[in-house]
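Colleague: Supplied in structure tokens, the structure appears directly below.
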Amino acid sequence: ATPAEADEPVPFVPVRRFWSGQRDIPLDEVIAAIEGRSDAFKRVVVATPDAQPLWTTLGVSPAETTTQVGTVRDVKLALERSKRTLGLVPAARVRPDTRALSVDGMALYGGGRLENLVDWPLMGVDVGDRRAFDPAATWTMIAGGDVMLDREPYRQAVTKGKGADWLWDGGYAEITSRTCCTKDGGPAITTRRVGPKGAVRELLSGADSAVVNHEAPAPDVHSYHPSGLVFTVDPALLPGLANAGIDVISLANNHIRNAGSAGVTQTIRSARRAGLRSFGAGADEERARRPWCTDQGQTRVCLLGYNEVNAAVHAVREGRAGAAELISTDVRQDIRALRRRGADVIVVWPHWGAEYVTTTEAKQRRWAREMVGAGADVVLGNHSHVAGPIQFIDGAPVLYSLGNLVFDLPRFEQTEEGVLAELTFHGSRLAQVELHPTVLHERAQLQLLERDADGAVVIGRMRAASQAFE
């Protein structure tokens, strides 16, 4: 962000700790907390040496329980120590490991954010750091987990004639029952649609970029697989992703060669014809490791994809198309090369780890540190088929697994759920990570779960798994 003039007002944002379920706060509640009159908050911490311009704008007199601290990190530590603490941070310095709140329904982050600061009520002067905040420089990326459109998605879309778009026409759903048991001994769930049709499409298309892991080839000659672990997808289903607002697919996974080398190259071609771009696989190593890049305003954004699962079968080799293999030295080399060539934001998509668990392996944790150390801004993992933990490494989020998105895998409840991660950047700086829990309806149609209802169960599991990194 460009430096602000010495007395130029900047927006301040209320923040809570990352796992807070709160998303909005009334302005009256902010003022009450500052003045020491709030039942919900017993302390307010402000990341600025002098908050007087903010108090003047609000017309408040802060209580002794409202204190000014030196850094945003100090605010984060105060939030972690007490659930009844509210933070106030200049918008240009909000961290992704805290939860920024909207005020009276107005937000500076996410798909429904304000386009200008005219109506933002918390304006002050940040004398500690004079970086400006321009809403026009803010953009979002939505990241989704595993998509596999064979088996039940194919049966619903093609055999039953519902069409490719039906898979993505979902709104909100609720879990109506949990019964015992699936063939794997876990709880079987049933769902009911409760929200307006199109909420999923609205979320995906509202992002500046939307990316998912496409875990199957889409060859010219495909076969329907009602069961089993070999997949091929009808290329006619790929436009459904593009119509839903998805822009890019990762092909770095352990199913991309289910139709051989021809299936890899034909998938890339079919995706392009459907209006999708891809990364993470190719006809040779150079093309498999080639990033997908785009410009968000003046910010250059690049994505890299790698697979480490059953690489002997699915990795690219000389004379064989396939996925880029997750080899630590190659990944670090690719990240550094991208940075030298001017990439401002680098997102790495590893396909890694063990299936059906939220725990991580030592090699995953090592690789994550190496990726961030080499310059990755975000790491978005897949393969476990359940939503996994989040770790912040030097401020960079590592989401070890986003879980299933549209993938017929009813082994137990978690394999029918996942998250869409909404990443909000201000220029090249990641500001927020918002998790939107999801569930499959009829084992094929993507639905959102309410964050404070059934979705809280999904987020709660992720939070529990993430405690290993606290």
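Colleague: Only one of these conditions is not met by ARG17: (1) open to solvent by less than 50 Å² (accessible area, probe 1.4 Å); (2) in contact with a Ser or Thr (Cβ under 9 Å, 6 or more places away or on another chain); (3) without any contact (Cβ under 8 Å) to a residue 60 or more places away in the chain. Which number is it?
Modeller: Result: ARG17 passes all but (3).
Colleague: PRO135 versus (1) within 30 Å of GLY427 (Cα to Cα); (2) buried (at least 19 other Cβ atoms within 10 Å of the Cβ): which is the lone unmet condition?
Modeller: Answer for PRO135: the failing condition is (2).
Colleague: Cβ contacts < 8 Å: first residue surrounded by 20 or more Cβ atoms within 10 Å (Cβ to Cβ), restricted to the range 313-326; second residue basic (Lys, Arg), any location; separation 6+ or different chain. Result?
Modeller: HIS314/ARG257; ALA321/ARG257; GLY322/ARG257; ALA323/ARG257; ALA324/ARG289
Colleague: If you go through the range 94-112, how many residues are within 9 Å of GLN432 (Cβ to Cβ) and among the small types (Gly, Ala, Ser)?
Modeller: 2
Colleague: Confirm whether GLN68 is touching a residue at least 12 places away in the same chain (Cβ under 8 Å), part of a strand (DSSP E or B) and either open to solvent by less than 60 Å² (accessible area, probe 1.4 Å) or not charged (D, E, K, R) (or both).
Modeller: Considered against the rule, which asks whether it is touching a residue at least 12 places away in the same chain (Cβ under 8 Å), part of a strand (DSSP E or B) and either open to solvent by less than 60 Å² (accessible area, probe 1.4 Å) or not charged (D, E, K, R) (or both), GLN68 comes out as yes.
Colleague: Moving on. Please work out which one of (1) in contact (Cβ under 8 Å) with a residue 24 or more places away in the chain; (2) more than 12 Å from ARG16 (Cα to Cα) is the condition ALA78 fails and give its number.
Modeller: The one condition ALA78 does not meet is (2).
Colleague: Right, VAL379: within 22 Å of ASN254 (Cα to Cα), free of Cβ contacts under 8 Å to residues at least 40 places away in the same chain and touching a helix residue (DSSP H, G or I) at 6+ places or on another chain (Cβ under 6 Å) or not?
Modeller: When the stated conditions are applied, VAL379 passes them.
Colleague: Across the range 71-92, what is the total count of residues that are open to solvent by 10 Å² or more (accessible area, probe 1.4 Å) and hydrophobic (A, V, I, L, M, F, W, C)?
Modeller: Of the residues in that region, 2 qualify.
Colleague: Please go through the range 266-278 and pick out each residue that is in contact (Cβ under 8 Å) with a residue 40 or more places away in the chain and out of contact with any Pro (no Cβ under 9 Å at 6 or more places or on another chain).
Modeller: SER278
Colleague: GLY145 is checked against (1) out of contact with any His (no Cβ under 9 Å at 6 or more places or on another chain); (2) closer than 30 Å to LEU229 by Cβ and fails just one. What number does that condition carry?
Modeller: For GLY145, the exception is condition (1).
Yes or no, residue by residue, for (1) more than 30 Å from GLN391 (Cβ to Cβ); (2) under 24 Å from the mean Cα position of the chain (by Cα); (3) of a type in the set (Ser, Thr, Tyr):
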| site | (1), (2), (3) |
| --- | --- |
| ALA91 | no, yes, no |
| MET141 | no, yes, no |
| ILE175 | no, yes, no |
| THR179 | yes, no, yes |
| ARG192 | yes, no, no |
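Colleague: Quick one: in the range 302-348, which of the residues that are among the aliphatic types (A, V, I, L, M) and in a loop (DSSP other than H, G, I, E, B) is nearest to VAL379 (Cα to Cα)?
Modeller: Among them, the one singled out is LEU326.
Colleague: For the condition over 30 Å from THR182 (Cβ atoms) and among the small types (Gly, Ala, Ser), what is the one hit in ALA453, ALA396?
Modeller: The conditions single out ALA396.
Colleague: Which ranges mark the helices (runs of 4 or more DSSP H) fully within the range 192-301 that have 2 or more residues being out of contact with any strand residue (DSSP E or B) (no Cβ under 6 Å at 6 or more places or on another chain) and open to solvent by less than 30 Å² (accessible area, probe 1.4 Å)?
Modeller: So the answer is 238-244, 260-273.
Colleague: Could you list, in sequence order, the residues of the range 98-120 that are in contact with a helix residue (DSSP H, G or I) (Cβ under 8 Å, 6 or more places away or on another chain), open to solvent by 30 Å² or more (accessible area, probe 1.4 Å) and in contact (Cβ under 8 Å) with a residue 40 or more places away in the chain?
Modeller: ASP104, GLY111, ARG113, LEU117, listed by residue number.
Colleague: Return the residues of the range 455-470 that are crowded, with 19+ Cβ neighbours inside 10 Å and of a type in the set (S, T, N, Q); say none if nothing qualifies.
Modeller: The answer is SER466, and nothing else.
Colleague: For the range 28-52, how many residues meet the condition of being assigned to a helix (DSSP H, G or I) and either open to solvent by less than 40 Å² (accessible area, probe 1.4 Å) or closer than 11 Å to LEU88 by Cβ (or both)?
Modeller: 5
Colleague: Quick one: in the range 170-191, which of the residues that are closer than 15 Å to PRO437 by Cβ and part of a strand (DSSP E or B) is modelled with the lowest pLDDT?
Modeller: Within the range 170-191, the match that is modelled with the lowest pLDDT is ILE189.
Colleague: For the range 181-191, give me the residue count where each residue is in contact with a strand residue (DSSP E or B) (Cβ under 6 Å, 6 or more places away or on another chain) and either among the acidic types (Asp, Glu) or surrounded by fewer than 16 Cβ atoms within 10 Å (Cβ to Cβ) (or both).
Modeller: Residues flagged as in contact with a strand residue (DSSP E or B) (Cβ under 6 Å, 6 or more places away or on another chain) and either among the acidic types (Asp, Glu) or surrounded by fewer than 16 Cβ atoms within 10 Å (Cβ to Cβ) (or both) within the range 181-191 amount to 2.
Colleague: From VAL439, VAL457, VAL406, VAL419, which residue is closer than 30 Å to GLN298 by Cβ and β-branched (Val, Ile, Thr)?
Modeller: It is VAL419.
The values are calculated or read from the model by the stated rules, or taken from the named source; none is laboratory data. Computed from a prediction, not measured in an experiment: that's the story for all the values here. Here the Cβ is made from the backbone with ideal geometry for all residues, glycine too, and neighbour counts use every protein chain on show. Side chains are part of the model used for accessible areas, which takes the heavy atoms of the whole protein and leaves out ligands, DNA and RNA. Shrake-Rupley method; radii C 1.70, N 1.55, O 1.52, S 1.80 Å.
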